[in-house]
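Peer 1: Sharing a structure, written as structure tokens. Questions coming.
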Amino acid sequence: MLAPHSLLESQLPGPPFHASLQRALREQQTLLDSAGVGIVFLRQRCVVRCNQRYAEIFGYDHPEELNELTTETFYPSREAFRDLGRAAYPVLAQGETYRVERPLRRRDGTLFWGSLTGRLINPQDTSEGSIWIVDDIDAQRRAQAALDAAVREKQLLFDSAMVGIVFIRDRRLTRCNHHFEQMLGYQPGELAGCSSRQWYASDAAWHEAGARCYPQLAAGHSYEGELELCRKDGTPVICEVRSKAIDPANPSQGSIWITMDITERKAAQAVLARTHEELERQVQDRTRELRETVDNLHREINERKADQDRIYWLAHYDALTGLPNRTLLAERAQQAIRVAQESGTPLAVIFLDLDHFKHVNDSLGHRVGDALLVEIAKRLRAVVRDKDTVSRLGGDEFILLLPGANAHGAARVAGKLQDASRQHYQIAHHELTMAPSMGIALFPQDGADFDTLTQSADVAMYRAKLDGRNTFKFFTPEMQAQSVRALQLENALRRALERGQLHLHYQPQMSLATGAVHSVEALLRWQHPQLGDVSPAEFIPIAEDSGQILQIGEWVLRTALSQLKIWRATAFPGLTMAVNLSAIQFRQPQLPELVSRMLSEFQLPPDCLELELTEGVAVDDPHAAVSTMDQLHARGVRMSMDDFGTGYSSLSQLKRFQIFKLKIDQSFVRDLGNDTNDRAIVSAIIRMAQALGMRTTAEGVETAGQLSFLREQGCDEAQGYHFSKPLSAPELEAFMRRQLT
Ligand code: C2E
Ligand code: MG
Ligand code: MG
């Protein structure tokens, strides 16, 4: 390599001058070598000399390699080379420094940005050439380009962001994007330098927002939250805000705020919330309604179930006593019959009817009657076993179903029922006794099914009634026929009065002292066109059971009194009339009143009427009987005790009765001729009557022998076929007239 100074030295003149020149040249060479930039001397646009750096910039190892090279080599194209020449020449010619940055070309052909600074060595003489300083600014240019791109991108982001971006320093806007201005309704640039107070509704709101956000920013945190801002026109904007200090350590750097208008979103959310709330409320309402409906449904179902239970109960039980009714009885009976059939075990049915229950209803009222039935039901239930059924058919009729009971067992139950009924029932202040008449039917002989069994038991019960009540009877086939007749009679009897089938016969009662007819007894007769003459002994109990006796009895009393009125008005002024009174009539509270009214109707004195009672009148309620007797006695009406000796009257009872006369029952009179017992009884009755101040009449006197015994014993009157059968009114009148003569 050739040292630069040796070249310079060889071209330079003389020694003194030469030394200083050489020194200047060395200094220049040092300068060139140590310069950090490329330096080149050109003449005629060719390299005269360059330094090491210049060679390096263009990819050469030694500056000498570039000597004589045209500078076109360093440009990307001939065009670029010429362009530069054209641009540089006028400036250089002025003696000024020309500066430019251009793409240049290295030795290997790669391009790079270089900065060129040129100047003519002697502006007056361009042939002296120029000096250029060249620097490789490629890296610098690339960095600048990258920086420019980044800045452009940022600006683009800033300008086209869909959020408001604001830079604030000391609560004043330093910069904001267009979106922020738009959001608050300002023109571009209108907010520049403004205090942020501008977009708050009030000082208070501004201070409050500051107090909320800045401590966070100062602490290095970002603030995220909602702020209510205010548009230029005063309308509120709700913003979601995110803010951060640019440099938390240096608050004076300010902060950046990203804001987003969420007013619509908030409104939509509010609407949504309201809708949701409304929906929730509706759901709750519907749920409540549904719950109520379900509750109502439950209640209705329960009520319906209770109704159904009640309906079932009413359909199967007797409302008054709570006992099973006929329907339930029939169900149980059918079941019991099946079991009896399959297992060959016995089964009994008892039909129970209370004796004279109707009197309780008639005289004491239905309340007492009902209360009595309830007590009786309890007593019946207490007597039987659990597996037995006690049912009430209505009225005073009960049916007992006794599975497993044979004749013996049924009789025992019937006996127990009788025993139970002997104790009185206390209903309010009434002491009542109520005896049952019972009929028993056995499976299978008296009926193979429920209906037949109960019918048979009913028939047997009826027979028990006819046989003096307060008893029980087993069903027999003969009873069947009799009961059919009883039913026939009951039906026929309903029409008997209106069809004029009833009339009275009269039987004289003879005074034993005078032999004259002292009084006559009215005896009821029923002539039915098909059934013929029906005995009062047969139809009176039926009339009593069916309640027809009251109407019939009243008719008898009126007819007898009207006849007496005629007879007394004609030939027999002292004649008295005996009228039989059923116990049921006697228990009528209005009886004394009825009797008095009828006597006055016929203008007859009360003592011309004699009411024949039976001992049965006092059985159920002795107090009431005594009271009625007292009332009748007070009205002057006479009473006689019919069929005396067959009933249960005690002497102590008799004493209290206002009885005028005892009629000795014909059963004692019949055998007076040969039965010493009857003689004793009859004479005892007569003496007892005398002792009590009562008169006596003997019934059923058929023979002279009977008559003479009675006369001997001091009997007052006699009645019987010996004197006369019961006769029609005209016949009796004829009889009496014969007696008078
Ligand atoms: P009673 O009041 O004891 O009547 C006497 C019954 O004996 C009458 O039967 C009569 O015909 C019958 N008799 C009379 N003398 C003799 C006799 O010498 N020998 C026999 N064997 N019998 C004689 P009758 O008329 O059939 O009446 C039967 C019963 O019917 C009566 O018994 C009486 O209890 C009842 N009765 C009759 N008429 C009425 C009435 O109008 N009202 C009521 N409640 N009962 C009446
Ligand atoms: Mg009589
Ligand atoms: Mg009699």
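Peer 1: Given the conditions (1) of a type in the set (Lys, Arg); (2) touching a helix residue (DSSP H, G or I) at 6+ places or on another chain (Cβ under 7 Å); (3) at pLDDT 95 or above, report the number of the one that Arg26 does not fulfil.
Peer 2: Among (1) of a type in the set (Lys, Arg); (2) touching a helix residue (DSSP H, G or I) at 6+ places or on another chain (Cβ under 7 Å); (3) at pLDDT 95 or above, the lone unmet condition for Arg26 is (3).
Peer 1: Scan Pro726, Pro730 and give me the residue that is within 16 Å of ligand 2 (Cβ to nearest atom), of a type outside the set (Val, Ile, Thr) and at pLDDT 95 or above. Working first, answer last.
Peer 2: Values: Pro730 fails: within 16 Å of ligand 2 (Cβ to nearest atom).
None of the others qualify; the one that does is Pro726.
Peer 1: Quick one: Ile337 ticks every box in (1) assigned to a helix (DSSP H, G or I); (2) surrounded by fewer than 18 Cβ atoms within 10 Å (Cβ to Cβ); (3) among the β-branched types (Val, Ile, Thr) bar one, so which box is it?
Peer 2: All conditions are met except number (2).
Peer 1: Could you check, for region 453-460, whether at least one of its residues is hydroxyl-bearing (Ser, Thr, Tyr) and crowded, with 20+ Cβ neighbours inside 10 Å?
Peer 2: Initially, region 453-460 is screened for residues hydroxyl-bearing (Ser, Thr, Tyr), giving 454, 456.
Narrowing the set further to residues that are crowded, with 20+ Cβ neighbours inside 10 Å leaves 454, 456.
Yes, region 453-460 contains at least one residue that is hydroxyl-bearing (Ser, Thr, Tyr) and crowded, with 20+ Cβ neighbours inside 10 Å.
Peer 1: Now, a different point. Kindly establish whether Gly254 is surrounded by 10 or more Cβ atoms within 10 Å (Cβ to Cβ) and either in contact with a Leu (Cβ under 7 Å, 6 or more places away or on another chain) or without any contact (Cβ under 8 Å) to a residue 60 or more places away in the chain (or both).
Peer 2: Numbers: surrounded by 10 or more Cβ atoms within 10 Å (Cβ to Cβ): yes; either in contact with a Leu (Cβ under 7 Å, 6 or more places away or on another chain) or without any contact (Cβ under 8 Å) to a residue 60 or more places away in the chain (or both): no.
Against the criterion (surrounded by 10 or more Cβ atoms within 10 Å (Cβ to Cβ) and either in contact with a Leu (Cβ under 7 Å, 6 or more places away or on another chain) or without any contact (Cβ under 8 Å) to a residue 60 or more places away in the chain (or both)), Gly254 does not qualify.
Peer 1: Just for strands (runs of 3 or more DSSP E) wholly inside region 394-471: which have at least 1 residues that are of a type in the set (Lys, Arg) and touching a Gly at 6+ places or on another chain (Cβ under 9 Å)? Reasoning before the result, please.
Peer 2: On the way: elements: 397-403, 425-427, 430-432, 436-443.
Per the criteria, no element qualifies.
Peer 1: Would you be able to say whether some residue in region 143-160 is without any contact (Cβ under 8 Å) to a residue 60 or more places away in the chain and part of a loop (DSSP other than H, G, I, E, B)? Give the derivation first.
Peer 2: Initially, region 143-160 is screened for residues without any contact (Cβ under 8 Å) to a residue 60 or more places away in the chain, giving 143-160.
From what's left, part of a loop (DSSP other than H, G, I, E, B): none.
Checking region 143-160: not a single residue is without any contact (Cβ under 8 Å) to a residue 60 or more places away in the chain and part of a loop (DSSP other than H, G, I, E, B).
Peer 1: Would you pick out the residues in region 46-102 that are of a type in the set (Phe, Trp, Tyr), open to solvent by 40 Å² or more (accessible area, probe 1.4 Å) and in contact with a helix residue (DSSP H, G or I) (Cβ under 7 Å, 6 or more places away or on another chain)? Break it down stepwise before answering.
Peer 2: Of all residues in region 46-102, those of a type in the set (Phe, Trp, Tyr) come to 54, 58, 60, 74-75, 81, 89, 98.
Then drop every residue that is not open to solvent by 40 Å² or more (accessible area, probe 1.4 Å), which leaves 89.
Residues satisfying the conditions do not exist here.
Peer 1: Let me ask you something else. For region 637-665, which positions are open to solvent by 30 Å² or more (accessible area, probe 1.4 Å) and either among the hydrophobic types (A, V, I, L, M, F, W, C) or on the phi > 0 side of the Ramachandran plot (or both)?
Peer 2: Asp643, Gly645, Leu651, Phe660 - these are the residues of region 637-665 that are open to solvent by 30 Å² or more (accessible area, probe 1.4 Å) and either among the hydrophobic types (A, V, I, L, M, F, W, C) or on the phi > 0 side of the Ramachandran plot (or both).
Peer 1: Quick one: what pairs do we get from region 602-619, first residue away from ligand 3 (no atom under 13 Å from the Cβ), second in a helix (DSSP H, G or I) and small (Gly, Ala, Ser), C-beta under 7 Å, 6+ apart or different chains?
Peer 2: Every condition considered, the pairs that remain are Phe602/Ser562; Val617/Ala583; Val617/Ala625; Ala618/Ala625.
For every residue, the table says whether it meets (1) closer than 19 Å to Ile57 by Cβ; (2) among the aromatic types (Phe, Trp, Tyr); (3) in contact (Cβ under 8 Å) with a residue 60 or more places away in the chain.
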| position | (1), (2), (3) |
| --- | --- |
| Asp83 | no, no, no |
| Gln94 | no, no, no |
| Arg105 | yes, no, no |
| Glu128 | no, no, yes |
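Peer 1: Within region 37-45, is there a residue that is open to solvent by 30 Å² or more (accessible area, probe 1.4 Å), more than 60 Å from the chain's Cα centre (by Cα), basic (Lys, Arg) and more than 19 Å from Thr117 (Cβ to Cβ)?
Peer 2: So in region 37-45, the residues open to solvent by 30 Å² or more (accessible area, probe 1.4 Å) come out as 37, 41, 43-45.
Filter once more, keeping what is more than 60 Å from the chain's Cα centre (by Cα): 37, 41, 43-45.
Filter again for basic (Lys, Arg), leaving 43, 45.
Okay, now just the ones that are also more than 19 Å from Thr117 (Cβ to Cβ), so none.
Looking for residues that are open to solvent by 30 Å² or more (accessible area, probe 1.4 Å), more than 60 Å from the chain's Cα centre (by Cα), basic (Lys, Arg) and more than 19 Å from Thr117 (Cβ to Cβ), one finds none in region 37-45, hence no.
The values are calculated or read from the model by the stated rules, or taken from the named source; none is laboratory data. None of these values were measured; they are calculated from a predicted model. So basically every Cβ, Gly included, is an ideal-geometry build from the backbone, and we count neighbours across all protein chains shown. Remember, those area values only see protein heavy atoms, side chains included, never the ligands or the DNA or RNA. Shrake-Rupley method; radii C 1.70, N 1.55, O 1.52, S 1.80 Å.
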